[in-house]
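Input: a single structure, listed below in structure tokens.
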């Protein structure tokens, strides 16, 4: 059973510090906790198993094993006396999973230097990489990484990142242009139109804020996706401050709405922090304080910065200053980083901050402890690690959920969902098939689809009633461009588990590709009945309705998809316009 969040495109995404609970034949649970210990900024590497005290919900626990790991090498291991006597073996997975997530609107040369450093000094054979840009997600599989040098891959990625940033910031630049036009209008307009100016200004602010809207559901999808991956999971988030204009129309009349727009962190921070911790994702937050962009300039040609407000007594000329709209975002993700044992750095130099984060993450101790009176009650268990007799800085994940996950309730995904894994102890065949499912998932993520099919097939042979194994094999077959085998996998998953909404959705997508729109609509409708808030199924059903020429139904579904998931607005906007034009033509 595993214990222990872009995106944004993700978003599809996505990565590093494993937290798994290992179960033995006696059904004893051991919790895995990656721990980093620092003395005045330097990693302490001479600790033994006797130096660690681990507390769960304030109660001292029994540490049963400690491993010292540097990068992907196990440098030293210690097993508790009881475990040694019982010949219990621990098998830590040390191959790393990286996610580089770029939430930026202006490319900076130091970002390129950070990417070059990653491929030249950090990334090793056996590691996996997912890169999330403002536009899309890129997976680097083993084969592609073997065909090219690190420099070649870095150069290609930098070029693609720059293109994606440019495409994604068109709306940002347009909104700043709208603001400049509004300033010109307010400068020459009569005082009695200031209510209209205020409304226009607030509308621009709302649109600017929505450029960085983070959906809680997407974050939880992200953490749940990574929870299924074995090995250390490191997520590096590059977040650039978002500068927005603040306009004042006169000395005695101030638009105060900015405070409302600052609070655009739209998720339950406690819930998200616990999910990141439970998934054992080591999150490193790099807040970029530098932009290469243009300062806002007032109508008199004076540059305005966030340091102060222009001093004027004019009641008609707008006064502007700039303000970072990311303050609350910074605070939220700083806490997420702390909760996961990661790092936070605020700097104008992306390369320097990235190097510091990587250096802090590469070396760690892997602790296993056995909870006293372990109960699968679904509650979050708080973990605290201390070093006996020392005042060292210790970082680690905050805890885990002691839950038994109901395998009949799949977790929703955006296009090709991967569910949360569990290890039910009631059924021996499920327990035996799980290692093959997990290894198959690793093969799938690394791009070795044939090997993934083999592992999922082996899991099915062990447990023919495992709906997830059929579903995962369907995913792999689909990527292998074998739609018939993929449909067979999804269909079998549905037969075993009629509540498998994601299987209905994916089978419906294949029906659309085959031009069987009526069957596709049936599948998408089944998925929606199971999960009424399944935005992706609404969006996909809209495409199927278009195939049948049912534009009114398609329009309803596209609008519903946007209502449920605002991040689908960009994808759906052209389709909505297309449907409206078709309806109008009738």
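The values are calculated or read from the model by the stated rules, or taken from the named source; none is laboratory data. This structure is a prediction, so every number in the text was calculated from the model and none was measured. Here the Cβ is made from the backbone with ideal geometry for all residues, glycine too, and neighbour counts use every protein chain on show.
If the condition is being surrounded by fewer than 24 Cβ atoms within 10 Å (Cβ to Cβ) and in contact with a helix residue (DSSP H, G or I) (Cβ under 9 Å, 6 or more places away or on another chain), then segment 468-481 contributes 477, 478, 479, 480. Hey, any hits in segment 78-87 for a residue that's under 29 Å from residue 437 (Cβ atoms), at pLDDT 90 or above and either surrounded by fewer than 20 Cβ atoms within 10 Å (Cβ to Cβ) or outside the structural domain of residue 567 (by TED's automatic domain parsing) (or both)? No, that holds for no residue.
Set side by side, the residues 208, 157 differ, and just one is within 29 Å of the chain's Cα centre (by Cα), in a helix (DSSP H, G or I), at pLDDT below 80 and surrounded by 15 or more Cβ atoms within 10 Å (Cβ to Cβ), which is 208.
Taking the conditions (1) closer than 30 Å to residue 242 by Cα; (2) at pLDDT 95 or above; (3) outside any helix (DSSP H, G or I) in turn, residue 37 satisfies each one other than (1). From the residues in segment 419-460 that are over 19 Å from residue 233 (Cβ atoms) and at pLDDT below 55, which one is surrounded by the fewest Cβ atoms within 10 Å (Cβ to Cβ)? Ranking the qualifying residues of segment 419-460, first place goes to 426. For residue 120, the stated conditions hold: it is in a helix (DSSP H, G or I), loosely packed, with under 15 Cβ neighbours inside 10 Å, at pLDDT 90 or above and in contact with a helix residue (DSSP H, G or I) (Cβ under 8 Å, 6 or more places away or on another chain). A residue that is more than 31 Å from the chain's Cα centre (by Cα) and either assigned to a helix (DSSP H, G or I) or modelled with pLDDT under 95 (or both) occurs nowhere in segment 65-72. Among all positions in segment 338-347, there is at least one residue which is at pLDDT below 95, surrounded by fewer than 17 Cβ atoms within 10 Å (Cβ to Cβ) and within 13 Å of residue 289 (Cα to Cα).
Taking the criterion of being in a helix (DSSP H, G or I) and within 15 Å of residue 583 (Cα to Cα), the residues of segment 544-558 that qualify are 545, 546, 547, 551, 552, 553, 554, 555, 556, 557, 558.
Residues that are part of a loop (DSSP other than H, G, I, E, B) and closer than 23 Å to residue 67 by Cα within segment 339-373 comprise 340, 341, 342, 343, 371, 372, listed in sequence order.
Residue count for segment 30-47 satisfying the condition of being closer than 25 Å to residue 278 by Cβ and surrounded by fewer than 21 Cβ atoms within 10 Å (Cβ to Cβ): 1. Counting the residues of segment 497-524 that are over 21 Å from residue 561 (Cβ atoms) and crowded, with 18+ Cβ neighbours inside 10 Å gives 1.
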